[in-house]
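Some notes on the structure that comes next.
The values are calculated or read from the model by the stated rules, or taken from the named source; none is laboratory data. These numbers come from a predicted model, not from an experiment. With ideal geometry, Cβ positions are generated from the backbone for all residues, glycine too; neighbour counts draw on all protein chains shown. Accessible surface areas use protein heavy atoms only, side chains included; no ligands, DNA or RNA. Shrake-Rupley method; radii C 1.70, N 1.55, O 1.52, S 1.80 Å.
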Amino acid sequence: MNIISLQNQSFEYETNRKGIRSIRLKLISQNSFQISCPHLTPDFLIKKFIKDNSLWIINHSQKITSKKAILDLKSLQILENIYEIQWIKTQRDSVIINEDEQKIYSNITTISETHAKKILEAKLRPFALKLIKKELQDLSKEFGFKYNNVTVRNQSSRYGSCSGRGNLNFNWQIIFFSYPQFRHILLHELTHLDIKNHSSKFWSQLTVYDSNCKNHNLWLKKEGTKYFLFS
Ligand SMILES: [Zn+2]
């Protein structure tokens, strides 16, 4: 991880040398970006490239407001609980989610945005799967659903899917929604176990399970992906 100051603003960046022919820059957050460049690019050329593009970096980084930098997060809302996050620099990467204390201890070896993201996501994904499975069990007890396997993925545009064999798949980041929206997404896929399409029959059945179905669906379409912190 490197740090560079552009017009009194401090940015961190990582350099990724690979088989390409020119230097490229990708913004990660308000104060971080990633550089991709050919294998033998000297550091002074990378720095020159960044300086030459400093105006562009500053202008465009300010527009990344909806995606908060992971390292800047002091807390994280997971369903109805607010978890306090502590970032600690240590010798070994480890993240501990303490559900009783509602605290996330993020011990990381490198204080950088990309590293923090990777380490935290590796822990939050299985945690999300656990929360989703628990809620699916509760809903099935209540309404009598019978499903097969449950998996989580990171799809930027989808919340979930239901296969013909009754396997359910969810975007793990749906745990960042409040509980009613989260529950709505699970019920949507559970309703697909019986009704594959989005016919009026599907929606009226879903409304039986979630009386606020219409509002939840509208909100998710409009606001939902803003809540996804990990792209
Ligand atoms: Zn659907």
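Summary table
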{"item": "Sum of side-chain charges, Lys221 neighbourhood, beta-carbon under 14 Å (Lys, Arg +1; Asp, Glu -1)", "result": "+3"}
{"item": "Residues of region 70-111: accessible area per residue with a 1.4 Å probe, Å²", "result": "59 Å²"}
{"item": "5 angstrom amide H check on Leu6, placed H, neighbours 5+ away", "result": "Phe11"}
{"item": "Dipole magnitude of the chain about its Cα centre (Cβ charges: Lys, Arg +1; Asp, Glu -1), debye to nearest 20", "result": "840 debye"}
{"item": "Model label zone, His39; criterion: amide N under 19 Å from point 7 Å along Cα-to-beta-carbon; scope region 1-24", "result": "15-24"}
{"item": "Accessible area per residue in Å² at 1.4 Å probe, computed on region 127-227", "result": "54 Å²"}
{"item": "Positive-end residue, the chain charge dipole about Cα centroid, Cβ charges, pick of Phe170, Ile96, Gly144", "result": "Phe170"}
{"item": "Cα→Cβ-extended label distance, 7 Å offset, between Asn197 and Ile96, nm", "result": "5.4 nm"}
{"item": "Cut-off of 10 Å, at most 15 other beta carbons, DSSP loop: longest stretch of the chain lacking such GluC sites (Glu not before Pro)", "result": "102-231"}
{"item": "Label zone at Asp72, where the point sits 7 Å out along the Cα-to-Cβ direction: region 107-132 residues whose backbone N lies under 13 Å", "result": "113"}
{"item": "From phi via Karplus (6.51, -1.76, 1.60), per-residue ³J(HN,Hα) for region 165-172 in Hz, x at Gly/Pro", "result": "8, x, 8, 10, 9, 10, 5, 5"}
{"item": "Per DSSP, loop trypsin sites (Lys or Arg not before Pro) in region 20-118 with at most 13 further Cβ within 10 Å", "result": "Arg21, Lys63, Lys68, Lys74, Arg92"}
{"item": "Above-threshold pairs, the threshold being 25 Å between Cα atoms, out of Lys103/Lys133; Lys26/Lys51; Lys146/Lys196; Lys47/Lys226; Lys118/Lys221; Lys48/Lys74", "result": "Lys47/Lys226; Lys118/Lys221; Lys48/Lys74"}
{"item": "Accessible-area composition of the chain, carbon plus sulfur, in percent [1.4 Å probe]", "result": "49 percent"}
{"item": "Inter-label distance, nm, simple model (7 Å from Cα along the C-beta direction), Leu55/Lys226", "result": "3.1 nm"}
{"item": "C-alpha center-to-center spacing [region 114-190, region 24-57] in angstrom", "result": "37 Å"}
{"item": "1.4 Å probe accessible area per residue over region 2-61, in Å²", "result": "61 Å²"}
{"item": "Region 26-61: chymotrypsin sites (Phe, Trp or Tyr not before Pro) falling in loop per DSSP and having at most 16 other Cβ within 10 Å", "result": "none"}
{"item": "Phi to ³J(HN,Hα) by Karplus 6.51 cos²θ - 1.76 cosθ + 1.60 over region 202-208, Hz, x for Gly, Pro", "result": "4, 5, 6, 5, 5, 5, 5"}
